[in-house]
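First the structure, in the form of structure tokens, and then the observations on it.
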Amino acid sequence: MKNKIYLFLFLGIAFIFQSCGEGSGQGEETFTRVTPSVEAVQAQYGSLPLEERLSGIVRPKNQVDIYPRINAPVDEVLAEDGDQVNQGDVLVILRDNEYREQLRQAEANLRINKARERQALAALNEVESQVRRQRVLDERELSSDLEREQLQAELESA
């Protein structure tokens, strides 16, 4: 086995020398040959080191800048540099007290406006019932044109 390795090594070196030999002599310059030094070592069984210590700078494959939807101070940071995060993960918690107060104020205004709407609908229903009574009176010719016009104006206003 050992002899076969040496034989293949010798044939390989001989092939390299042959292919690097002088050409046909047509315009080629003559160079002095340098014989390379070759070291033969015996093959060994063993394991390779599983750990390498290297120095360098690690750069992310992709990096994304994030911007908040509101301008507010940061209350808490939930993800640190280098942490792996997924879409939808909460990274920071912003101080949103002012915005929550504005939301409560808007909800209160909504309740007030809904109450006003119910009030306006009640007033409209009242005017419509008066208009229906007025029509009955008009059919019997028991009302005046002035009353009819006043009710019509109230109906349009309601």
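Values as computed for the structure displayed
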quantity	calculated
Per residue convex hull volume, Cα atoms of the range 49-107, in Å³	140 Å³
Average accessible surface area per residue within the chain, 1.4 Å rolling probe, Å²	101 Å²
At R0 = 41 Å, FRET efficiency that the Cβ-Cβ distance of Glu126 and Gln102 yields, to 0.05	0.70
Over the chain, relative contact order from alpha-carbon pairs under 8 Å, at least 6 apart, %	12 percent
Spacing of the two label points (7 Å from each Cα toward its C-beta) at Ala14 and Ser47, in nm	4.2 nm
Which labelled figure in (1) 32, 18, 12; (2) 25, 17, 15; (3) 103, 26, 17 is semi-axes √(5λ) of the Cα gyration tensor in Å, once derived from the coordinates	(3)
Ellipticity estimate at 222 nm from DSSP helix runs (n ≥ 4, -39,500 (n - 2.57)) divided over the chain, nearest 500	-16500 deg cm²/dmol
With every protein chain in place, the chain: carbon and sulfur % of accessible area (1.4 Å)	51 percent
Estimated inter-spin distance, Arg33 and Leu146, nm [label 7 Å along Cα→Cβ]	13.6 nm
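The values are calculated or read from the model by the stated rules, or taken from the named source; none is laboratory data. Model, not experiment: these values are computed from the prediction. In this analysis, Cβ positions are derived from the backbone assuming ideal geometry, glycine residues included, and neighbour counts consider all displayed protein chains. Ligands, DNA and RNA are stripped out before the accessible areas are found, and what is left, the full protein with its side chains, is counted by its heavy atoms. Shrake-Rupley method; radii C 1.70, N 1.55, O 1.52, S 1.80 Å.
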